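One structure is given below, encoded as structure tokens.
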Amino acid sequence: MTLTFAQIALYSGALLVLFLTPGPVWLALLARAMSGGFAAAWPLALGVTVGDMIWPALAILGVSWLVQEFSYFLVVLRWVAVAMFIGMGILLIRHADHKISSDSRLTRPGMWAGFVAGLIVIIGNPKAILFYMGILPGFFPIATMTWIDIAIVSLISAIIPFTGNIILSAFVDRIRTFVQSRGKLARLNRIAGGLMIFVGLVIAVT
């Protein structure tokens, strides 16, 4: 393994911040948990997790090939990661009080339907690999990563949001009240936006 603890810690923190930003998956988990309890919500979280493991690995492999072909590409992507986090942070702060839009694909009833819906919404989104291709070079030396490194990054990319989604599903009543309160949601979005900007600045200076 070539990754350092500092690199893993920074990436894990960034993933936690991204998870804390409420979105359609939050609403889908709440809807499923309210209608069918925890048993209806966890399959969706598991389906999303499978995609969260696949996209980072593919992104790293794709970036590694590009780096071999174009030596300057990794430097460009590092600053793309900085721009993405700062940009997402600014947009989140500017639109902090906007309501979350739901995704009907994620709220189909049934355990198997929940798993498949979570999997499809991630695997079927080609923007996901572009997202990871944009941010991962800001955290890790893509060109020198080993298969063990790739496996660790994929596991972290899956474990953190999955753990958060499971906790979210378990505390559905309290989270539902929080999400429905525009003031509290706006405050959380502003905090998350500030943290995203901070992560972008950390990437820029390290």
Multiply the residue gap between I167 and T2 by 0.36 nm, knock off their C-alpha separation, and tell me the result in nm, one decimal place.
56.3 nm
Once you put a point 7 Å from the Cα of I90 and another 7 Å from the Cα of R190, both along the Cβ direction, what distance in nm separates them?
1.9
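Where a number appears in this text, it was derived from the coordinates with a stated rule and is not lab data. Since the structure is predicted, the reported quantities are computational estimates derived from the model, not experimental observations. So basically every Cβ, Gly included, is an ideal-geometry build from the backbone, and we count neighbours across all protein chains shown.
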